[in-house]
1. Under 5 Å between amide H atoms, partner at least 5 residues away or on a different chain: which partners does ILE298 have, H built in plane at 1.01 Å?
2. Can you tell me the relative contact order of the chain? Whole percent, Cα pairs under 8 Å, sequence separation 6 or more.
3. With label points built 7 Å along Cα→Cβ from the Cα atoms of ASP204 and GLU126, find their separation and express it in nm.
4. How big, on average over all directions, is the shadow cast by the Cα convex hull of the chain, in nm²?
5. Which residue fluctuates most in the GNM of the chain (Cα springs below 10 Å): THR172, THR111, THR36?
6. Who wins for biggest fluctuation among GLU120, GLU190, GLU81 in a Gaussian network model of the chain, springs between alpha carbons below 10 Å?
7. With θ taken as phi - 60° and the coefficients 6.51, -1.76 and 1.60, list the Karplus ³J(HN,Hα) couplings across segment 120-129 in order, rounded to whole Hz; mark glycine and proline as x.
8. With charges only on Cβ, +1 for K and R and -1 for D and E, what is the dipole size of the chain about its Cα centre, in debye, rounded to 20?
Amino acid sequence: MFTIDAHLDLSMNALEWNRDLTKTVADINKRENGLTDKPDRGKATVSIPELRKGNIGLVVATQIARYVAPDNPLPGWHSPEQAWAQTQGQLAWYNAMEEAGEMVQVNNRETLEKHLTAWESDSKAEKPVGYILSLEGADSLVTIRHLEKAYAYGLRAVGPAHYGPGRYAQGTDAAGFMGAKGKELLKEMERLNIILDATHLCDDSFWEALDHFSGPVWASHNNVRAIVNHNRQFSDEQIKELIKRSAVIGGALDAWMMVPDWIRGQSDPQSMNCNLEKMIDHLDHICQLAGNADHIGIGSDLDGAFGREQCPCDLETIADLRKLPVLFTKRGYAKNDIEKIMHGNWLRFLRRVWN
Ligand SMILES: [Zn+2]
């Protein structure tokens, strides 16, 4: 079934993990044999050929670069200008993938419909995967004016925060409001019709953002707090508000967000019984609150700085997302609802925003 994945850090893998995503996952992992600089070496699950194999023809792909103040222990750049430059390198990689015929940017209604038709009718093995450009964490926008520049090269969604304190909003494990600068960012996003990604906003910033933004809102990769209690996850109140705002929430496949009591670097997917069905538990919770299946999709976050050591045990590569329709059927979901989950809800959202 045609599948949309609303959150993949593709260029980060290319440039920071030095992965050639035009290769198979097996080749990428073989090349990492013996490397120990990152915990997920040799455990990659994502590459462009695997996306094609899984019929994942459209993805939301990120630019991501954090700014860290001297007292911030998280990894990141020491100035916003450096962070901006990093995102421009990431953009250059997406552009190179376009030139190579591996990917194609989707940034409005016309390119969306054109891509969907081409994906369906193109029978050649190496058709380009569509991508919508999103910014995870807005730190790299040196000034608000940089957002217009980013819009011009195709940026269509922004998550103002990532982990920790940010320049425009406070993120996961941080606390506090967005403040004047954050609200200014939201205003500019509204003007440019840029989608607000509510993922990673801490509770204070989440509610402030929704109060001050009247444009389109989605949550590209977010699970639920009722199942795994952590500030990274949405409370039922937050989910209800997102439903009211016609949002779509993408289920993530990072093990610690899927099953309770996961200990990073120690727990393993098999013994924690972390499998693809666990994501369905989270998505089903959202459906119960909504009373329908109109507000969920997939935002896997696969290879978002973790690999097979920290993702569902029944997933070897991202192509295994194609196992999901059967699992939803087993849960009693109708075919029509499964189509919405695998692609229809994201498409409805995008067609509304880009009408
Ligand atoms: Zn994330």
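Derivation of every value follows stated rules applied to the coordinates shown; laboratory data play no part. Note that the structure is predicted; figures quoted are calculated from it, not measured. Cβ: placed from backbone, ideal geometry, glycine included. Neighbour counts: every protein chain shown.
1. ALA6, GLY251
2. Details: 723 pairs, mean separation 65.2, N = 355.
About 18 percent, as a whole number.
3. Each label point is offset 7 Å from its Cα along the Cβ direction, giving 5.2 nm.
4. Numbers: hull surface 65.3 nm².
So the mean shadow area of the Cα hull is 16.3 nm².
5. Looking only at THR172, THR111, THR36, the biggest GNM fluctuation is shown by THR36.
6. Largest GNM mean-square fluctuation: GLU120.
7. For segment 120-129, the Karplus curve yields 6, 8, 6, 9, 6, 5, 10, 6, x, 7 Hz.
8. Working: 39 positive and 49 negative charges, 129 e Å.
I would put it at about 620 debye.
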